[in-house]
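Enquirer: Take a look at the following structure, please.
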Amino acid sequence: MPVPIPRQRVIPAAESGQAQTVSHGGGPSAAPAPHGETTKPKETTVEKDNNRTTGHQSAPSGPLTLLLIEDDPAGSPIVPRLLDSAGKPIRVRTARNLTEAERLLTDDVHCILLDLALPAPGRSGAGSAGSAGSAGSAGSGSGAGDHDELAVLKHVLRLAPRHAVLALTASGDAERGAEAVRVGAQDYLFRDELDGRLLSRAIRYAVERKRSDTAERRLAEGRLRAQENRRLERGLLPTPLLDGSTLSFAARYRPGRSRTLLGGDFYDAVRTPDGTVHAMIGDVCGHGPDEAALGVELRIAWRALTLAGLCGDDLLNTLQQVLEHERTNDEIFATLCTVDISPDGRRAGLCLAGHPSPLVITPGRPARLLPYDNNGPALGLLPGARWPRTQVELGSRWSLMLYTDGLIEGRIGAEGERLGQDGMVDMVRRQLGEGLRGEELLRAAVNEVRALNGGELTDDVAVVMLEREP
């Protein structure tokens, strides 16, 4: 004899603010039960207030709701008492078929209990004939039956990908239940072992497991996206082309955005066939991914134009055209500093487009800033602007440090004033006195600026060091 299946358990709309639901048992309703149960046949749910439904992904603030999908024309004579972890009654809705289940599947449903003996979607006999042998033949194990019952489950999983699902199968058919879990159900239950306490516990477990699985999947997806982004950003970071040059090169880069490798600052260095070494550093205003993408475009354009033979004003004018075509709005601009070092390494040409002047270190003299009297406007501000090129004598031994304003705009002191260029020069002079050079000097400079700021810098920081040692 079939073991009773739970019927619809109802809380009136006036009490719950959710749905007015009736069961599918036979006979007209008598006087209302304490919880408002009725026994009208095949009456469906009528939603009273869609704005008060509770999302199933977050922890439910009200009673749990179970959607029972089963086909039992004789009706279920017993309604087990279902309680959630707080002792509140679990509401039950009943659907006789998948069409009705789709109509009752609202956001306030937390769990679905599916009878695997239901006919597969599209098969005939979906009414009483399809379920006449549900208890007796569900565990027959025939190939067609297995396929049809799993097809029902797969259909429900596609219909409700965010809901917890419990599979109901015949006694002793653990293999089918395990297969249902492999397909996507949170758990399976045997029909003749079902009681209110077991079902209540299974519902709570399924809801929490679904929530945990969803959170774990989203975390894994986020990690994969982060790994892909890091691989992409790492590929977009520059690799200087200085083969054949006697100059040494070092760089430090620290984006202002958290959990990223790339910001709006950019730099590069290349050696052209005539032996000239070209280096640049720049900064796109802003700190988002669009600014980072624009910085990469400007860096690649600079490299291509430099290798094509452009420099100075012609190069910057063309870069401004690239910026104007690629920026997302007219308010975006970029600062830039370019240097071209002669093949003998003793002289350099300097162009500044709204960018801080480099710092030069030579023997017998304290570190100092290169001239910035001919500083032109940032790229993207003035159409037809000019950027004069300043000739600088470097000598036989020198170090040249290019940097973005993230290095000098960090806060210092109790009043939060900026470090500024003068503060940076003093800091570098002291670090040089401590014997720091090259990459060690850059690392110490960035770390000290961060420490003076009292934590992470909000702006991107890029620092480049070119050195000539005879």
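Enquirer: With 10 angstrom as the radius, rank Arg217, Arg327, Arg429 by how many other C-beta atoms surround their C-beta, starting from the fewest. Walk me through the numbers before you get to the answer.
Expert: Values: Arg217 10, Arg327 21, Arg429 14.
Exposure proxy ranking, most exposed first: Arg217, Arg429, Arg327.
Enquirer: Could you pull out which residues in the stretch 279-314 have an amide N less than 11 Å from a spot 7 Å beyond the Cα of Thr362, following the Cα-Cβ vector?
Expert: Under cut-off, by backbone N: nothing.
Enquirer: Further question on the same structure: Largest first and in whole Å, give the semi-axes of the stretch 355-442's equivalent ellipsoid, each being the square root of 5 times a Cα gyration tensor eigenvalue. Display every interim value, and only then the final one.
Expert: Details: eigenvalues 125, 85, 19 Å².
Semi-axes (√(5λ), whole Å): 25, 21, 10.
Enquirer: Continuing with the same structure: When a/c is below 1.5 the answer is rounded, else prolate if a/b is larger than b/c, else oblate, so apply that to the stretch 281-417 with a ≥ b ≥ c taken from the square roots of the Cα gyration tensor eigenvalues.
Expert: Since a/c reaches 1.5 but b/c is at least a/b, the shape of the stretch 281-417 is classed as oblate.
Enquirer: Tell me, in nm to one decimal, what length is gained between Leu236 and Asp187 on full extension, where the rule is 0.36 nm per residue of separation less the Cα-Cα distance? All intermediate terms of the calculation are to be shown ahead of the outcome.
Expert: Details: separation 49, 0.36 × 49 = 17.64 nm, distance 4.62 nm.
Separation in residues times 0.36 nm, less the Cα-Cα distance, equals 13.0 nm.
Enquirer: Another question, then. Where nothing but the Cβ of Lys and Arg (+1) and of Asp and Glu (-1) is charged, how large is the charge dipole of the stretch 157-213 around its Cα centre, in debye to the nearest 20? Display every interim value, and only then the final one.
Expert: Values: 11 positive and 9 negative charges, 78 e Å.
Once rounded to the nearest 20, the dipole reads 380 debye.
Enquirer: If we sort 201-211, 336-346, 408-418 on the protection proxy, mean other Cβ atoms within 10 Å, highest first, what's the order?
Expert: Values: 201-211: 18.5, 336-346: 20.4, 408-418: 13.7.
Highest-to-lowest ranking by the protection proxy: 336-346, 201-211, 408-418.
Enquirer: Can you tell me the Rg and the Dmax, both Å, for the Cα atoms in the stretch 237-468?
Expert: 16.7, 52
Enquirer: Could you give the nm distance between label points at Arg158 and Ser212, where each point is 7 Å from its Cα heading toward the beta carbon?
Expert: Between Arg158 and Ser212, the label points sit 3.0 nm apart.
Enquirer: Let me ask another. At 7 Å along the Cα-to-beta-carbon direction for both Ala174 and Arg386, put a label point, then send me their distance in nm to one decimal.
Expert: Spacing of the two 7 Å Cα→Cβ label points: 8.9 nm.
Enquirer: Taking Rh as the Kirkwood radius computed over C-alpha pairs, what is the Stokes-Einstein D of the stretch 357-400 at 10 °C in a medium of viscosity 1.306 mPa s, expressed in µm² per second? Write out the running numbers ahead of the final one.
Expert: Numbers: Rh = 12.4 Å.
Roughly 128 µm²/s, to the nearest whole number.
Just so you know, all these numbers are worked out from the coordinates, no wet-lab data involved. Just so it is clear, the model here is predicted, and its values are computed rather than measured. Because the Cβ atoms are built from the backbone with ideal geometry, glycine has one as well, and the counts that use them run over all protein chains shown.
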